[in-house]
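The structure appears below as structure tokens.
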Amino acid sequence: MAKVARAVKRGIQSSPLKMRIVLDQIRGKRVPEALSILHFTPNHASLVAEKTLRSAISNFQMIPDNARFDVEDLYVRECFADGGPVLKRILPAPMGRAFRVRKRSNHLTIIVGDAPMGKAPKQRKRSSGAVARVQAAPATPAPAKPRATRKKAASAPAPEEKNEQ
């Protein structure tokens, strides 16, 4: 089982979308590479993400069992930004109207570990007596038949209106 540690930063005053753009750059990378990417990215979100990543590394090193791991061997296993509380403000608009301004915030979570997240877990070997079940492929539906078109019957002449005067 992989050893992991996490760090959470709550109430960051930027939208979750802007934070996710930065997090997509470091997800699954080695920690030194992720730190250099965050350090040289000129976004406010990258500064906050770098501090949170350093905190996650520190949290990983504080666990006594993880003392033998070097920072160079760690990976950014998961990182995500969830929406936080939204501050609703009013902005004056022309002709006596008011526009609502939504100041978004987010909660950042970064999880570091000794192995990348993308590795598939090892599958257990089946015992020799077990019979492997093969799933039948779903049957493909037969092509739909075209609808039968109705032949138009010879239209009967419309009854004549009687004009009585």
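Coordinate-derived values only; no laboratory data. All figures in this text were calculated on a predicted structure; none of them were measured in a lab. Note that we place each Cβ from the backbone using ideal geometry, even for glycine, and neighbour counts take in every protein chain shown.
So how many Lys-Lys pairs in segment 4-113 land under 16 Å Cα to Cα, not counting same-chain pairs under 8 apart?
Details: K9/K18; K9/K51; K18/K103; K88/K103.
Count of close lysine pairs: 4.
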Extension gain from R54 to F99, taking 0.36 nm per residue of separation minus the Cα-Cα distance: 12.3 nm
Estimated D of segment 30-103 in µm² per second, where Rh is the Kirkwood radius over Cα pairs and Stokes-Einstein applies at 25 °C, 0.890 mPa s: 158 µm²/s
Label-point separation, H39 to V8 (7 Å along Cα→Cβ), nm: 2.9 nm
Kirkwood Rh, Cα atoms: Rg over Rh of segment 1-41: 1.00
